[in-house]
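Quick note: the coordinates plus some simple rules give every number you see, no bench work behind them. Because the structure is predicted, anything quoted here is derived from the model rather than measured. Quick reminder, even Gly has a Cβ in these numbers, built from the backbone with ideal geometry, and neighbours come from all protein chains shown.
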Amino acid sequence: MKALVKTFAAAALIGVSTFAMAAEGPGSKSAKANVNLSTADFAFEHYVAVTTEGESAGVEQLFAEDFSQKIQTSNAQSHSREAVVKSLKKQKGEKLNCTVTTDIIEESVDYMIAKVTLKFENFTKTDLVTLVREGNSWKVSSSVNSYK
């Protein structure tokens, strides 16, 4: 009798969890997360978290449609919004082993220019980030990286 009760209990748990997963719908776990980008400071903090701490929520909403990234080295490179978003999604959960410092260089009602310095053991990466206000939210419109 106890075995029969356990079997029915297990079947009920499986049924409830199946209905719960079905209620979420397909792809709901990968649905875009809404991140508060209502101020330049919030957007900049989120950018730093995405690029240095492996944060993946709201990556698509963080970058402007015309976003571009330039990397200043002896072999200068440019990357599109799609390439950067794809790369950052792959880094989900990976925290960089570096010291991060940030400075706001200039800020107005519609744009912000900020500097992110990542100090690694053997080199330093400097990222100049431009954020712009688009409607009621802020987006990263460009990033220029250099290495020393």
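Summarising the amide proton neighbourhood of Glu55: residues at separation of 5 or more, or on other chains, whose placed amide H is nearer than 5 Å comprise Val50, Gly93. For a test of the definition: using alpha carbon positions, the gyration tensor, and the 1.5 limit on a/c, classify the range 80-132 as rounded, prolate or oblate. Since a/c reaches 1.5 but b/c is at least a/b, the shape of the range 80-132 is classed as oblate.
Rounded to 0.05, the FRET efficiency of the Lys95 and Tyr147 pair, given R0 = 25 Å and the Cβ-Cβ distance, is 0.80. Between Asn36 and Asn75, the FRET efficiency estimated from the beta carbon spacing at R0 = 35 angstrom works out to 0.40.
The overall shape of the range 34-116 is rounded: from the C-alpha gyration tensor, with semi-axes ordered a ≥ b ≥ c, the ratio a/c is less than 1.5.
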